[in-house]
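Engineer: The following block contains the structure, expressed as structure tokens.
The values are calculated or read from the model by the stated rules, or taken from the named source; none is laboratory data. The shown structure was predicted, so the numbers you read here are calculated from the model rather than taken from an experiment. Neighbour counts are summed over all protein chains in view; Cβ atoms, including those assigned to glycine, are modelled from backbone coordinates with ideal geometry.
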Amino acid sequence: MKKTKFSAFLSTTVVCYLFWLLLTGQLVALIQPNNPFSAQVLIAGAIVSVLTALFSARFFVHEKAFWFFNPIKLILLAVYCLIIFMWELIKANVSMFCYVFGLKKTNPGIVKVETDLESEYAQSMLANSITLTPGTITMDIAESKGKTYYYIHWIDVSTQDMKEAGDSIKGTMEKWIRRIWR
């Protein structure tokens, strides 16, 4: 079993604590001076964050422990989540509307799509983004001969060509995810 580095432990603790502050509403209390905050909640959050990091840091952080605290990466992630992914989500929902109300006929099937994302985090983010858009479900991520492939159940298999299917399913998501995780 790999030994956890202190940097991985520290970054996991910070992320957990920020998440705790966000969930409990204490983040606003720390930022706004007129809002009272609870010292007990802050201390409990610190304890829970440290304990969580002790058990999960080796799974959460694989390399470059403080990568996520890079402001440019955080801005790219925010742009992706708030603009790019939302646009892909709207397009997929409009398409699903057409299927549900009989304006289009479905042609379900499983397609194999290639990706050149190298990071496991990037591959997971793309797989989850594909699954979260209506009409597609990422079933498996497979590696073969140094390449990574997704097997995706698609509600409208309009082509069996791997490149065309990939372009249609992934849209601009893969390009933005590559920017975030490089």
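Engineer: Any residue that is in a helix (DSSP H, G or I) and in contact with a strand residue (DSSP E or B) (Cβ under 8 Å, 6 or more places away or on another chain) - is there at least one of those in segment 143-162? Explain how you work it out, then say what you get.
Structural biologist: Just the residues of segment 143-162 that are in a helix (DSSP H, G or I), to begin with: 162.
Filter once more, so that each one left must be in contact with a strand residue (DSSP E or B) (Cβ under 8 Å, 6 or more places away or on another chain): 162.
Scanning segment 143-162 turns up at least one residue that is in a helix (DSSP H, G or I) and in contact with a strand residue (DSSP E or B) (Cβ under 8 Å, 6 or more places away or on another chain).
Engineer: Within segment 122-142, count every residue that is of a type outside the set (Val, Ile, Thr), assigned to a strand (DSSP E or B) and within 18 Å of PRO108 (Cα to Cα).
Structural biologist: Keep residues of segment 122-142 that are of a type outside the set (Val, Ile, Thr), which gives 122-129, 132, 134-135, 139-140, 142.
Applying the additional criterion that residues be assigned to a strand (DSSP E or B) yields 139-140, 142.
Then drop every residue that is not within 18 Å of PRO108 (Cα to Cα), which leaves 139-140.
Counting residues in segment 122-142 that are of a type outside the set (Val, Ile, Thr), assigned to a strand (DSSP E or B) and within 18 Å of PRO108 (Cα to Cα) gives 2.
Engineer: Right, next: Could you tell me which residue of segment 134-154 is surrounded by the most Cβ atoms within 10 Å (Cβ to Cβ), considering only residues that are aromatic (Phe, Trp, Tyr) and out of contact with any Pro (no Cβ under 9 Å at 6 or more places or on another chain)?
Structural biologist: Of all residues in segment 134-154, those aromatic (Phe, Trp, Tyr) come to 149-151, 154.
Applying the additional criterion that residues be out of contact with any Pro (no Cβ under 9 Å at 6 or more places or on another chain) yields 149-151.
Values: TYR149: 17, TYR150: 24, TYR151: 14.
Per the stated criteria, the residue is TYR150.
Engineer: Return yes or no: is ILE169 free of Cβ contacts under 8 Å to residues at least 40 places away in the same chain and either within 30 Å of PRO71 (Cβ to Cβ) or touching a helix residue (DSSP H, G or I) at 6+ places or on another chain (Cβ under 8 Å) (or both)?
Structural biologist: Working: free of Cβ contacts under 8 Å to residues at least 40 places away in the same chain: no; either within 30 Å of PRO71 (Cβ to Cβ) or touching a helix residue (DSSP H, G or I) at 6+ places or on another chain (Cβ under 8 Å) (or both): yes.
When the stated conditions are applied, ILE169 does not pass them.
Engineer: Additional query: So, in segment 65-117, exactly how many residues are part of a loop (DSSP other than H, G, I, E, B) and either among the hydrophobic types (A, V, I, L, M, F, W, C) or over 11 Å from GLY135 (Cα atoms) (or both)? Even if it seems obvious, please write down each step before you answer.
Structural biologist: Within segment 65-117, the subset part of a loop (DSSP other than H, G, I, E, B) is 65-66, 70, 101-106, 108, 116-117.
If we keep only those that are either among the hydrophobic types (A, V, I, L, M, F, W, C) or over 11 Å from GLY135 (Cα atoms) (or both) as well, we get 65-66, 70, 101-105, 116-117.
The number of residues fulfilling the criteria is 10.
Engineer: Still on this structure, please answer the following. For residues that are under 18 Å from the mean Cα position of the chain (by Cα), within 20 Å of ASP161 (Cα to Cα) and surrounded by 13 or more Cβ atoms within 10 Å (Cβ to Cβ), tally how many sit in segment 94-122. I'd like the intermediate steps shown before the answer.
Structural biologist: If we filter segment 94-122 for residues that are under 18 Å from the mean Cα position of the chain (by Cα), which is where we start, we get 115-122.
From what is left, the residues that are within 20 Å of ASP161 (Cα to Cα) are 115-117.
Okay, now just the ones that are also surrounded by 13 or more Cβ atoms within 10 Å (Cβ to Cβ), so 115, 117.
Total meeting the criteria: 2.
Engineer: Additional query: Would you call LEU42 outside any loop (DSSP other than H, G, I, E, B) and at pLDDT 90 or above? Before the answer, list the steps.
Structural biologist: Details: outside any loop (DSSP other than H, G, I, E, B): yes; at pLDDT 90 or above: no.
It is false that LEU42 is outside any loop (DSSP other than H, G, I, E, B) and at pLDDT 90 or above.
Engineer: Could you run through segment 158-182 and say how many residues are among the β-branched types (Val, Ile, Thr), crowded, with 17+ Cβ neighbours inside 10 Å and farther than 15 Å from TYR121 by Cβ?
Structural biologist: Here is the first cut: in segment 158-182, the residues among the β-branched types (Val, Ile, Thr) are 159, 169, 172, 177, 180.
Next, from what is left, pick out any that are crowded, with 17+ Cβ neighbours inside 10 Å: 169, 177, 180.
Now narrow it down to the ones that are farther than 15 Å from TYR121 by Cβ: 169.
Number satisfying all stated conditions: 1.
Engineer: Separate question: Taking segment 154-180, which residues are more than 30 Å from ILE72 (Cβ to Cβ) and within 19 Å of the chain's Cα centre (by Cα)?
Structural biologist: none
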